[in-house]
Amino acid sequence: MSIRHGLLALLERGPRYGSQLRSEFESRTGSTWPLNVGQVYTTLSRLERDGMVVQDGEDTAGHALYVITGEGRQELKSWYEAPVDRTSPARDELSIKLAMAV
């Protein structure tokens with residue numbers, strides 16, 4: 001799994017801002033994959049560049065909110081449907097996919 005797919009899975013549930021995504025990602029992965037907020041924003045920038053997310057306003061505290069696009073949903077669908085490579089997993093990708101999908 002990549003951070004990219006994890007963030008797309010979280011954004012599928014609705015708009016989120018960067019540190020919120022970091023907290024939810026760590027919570028969903030049982031804190032086995034800690035992220036720093038810089039990784040999250042770098043990944044969001046790449047996802048935005050690739051047309052998979054867009055910034056869509058701010059919350060009441062002024063945090064920039066990101067939402068998934070149709071392209072992002074298609075990428076996420078492809079990731080969910082792809083078989084998990086079990087030859088040398090660094091993390092248990094099947095468990096992470098299930099945690100993100102719940």
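Taking θ = phi - 60°, what integer Hz values does the Karplus form 6.51 cos²θ - 1.76 cosθ + 1.60 yield along segment 23-30, in sequence order, with x for Gly and Pro?
Couplings: 4, 5, 4, 5, 5, 5, 9, x Hz.
With a Förster radius of 30 Å, plug the Cβ-Cβ distance of S27 and Q74 into 1/(1 + (r/R0)^6) and report the FRET value to the nearest 0.05.
Approximately 0.70, to the nearest 0.05.
Could you check how much of the accessible area of the chain is carbon and sulfur, as a whole percent, using a 1.4 Å probe? Spell out each step's value before the answer.
Numbers: 2790 of 5600 Å².
C and S atoms contribute 50 percent here.
Rounded to whole Å and sorted largest first, list the principal axis extents of the Cα atoms in the chain.
43, 27, 23
The values are calculated or read from the model by the stated rules, or taken from the named source; none is laboratory data. Only a predicted model underlies this, so the values are computations on that prediction, with no experimental measurement involved. Here the Cβ is made from the backbone with ideal geometry for all residues, glycine too, and neighbour counts use every protein chain on show. Areas reflect the complete protein model, heavy atoms only, side chains present, ligands, DNA and RNA absent. Shrake-Rupley method; radii C 1.70, N 1.55, O 1.52, S 1.80 Å.
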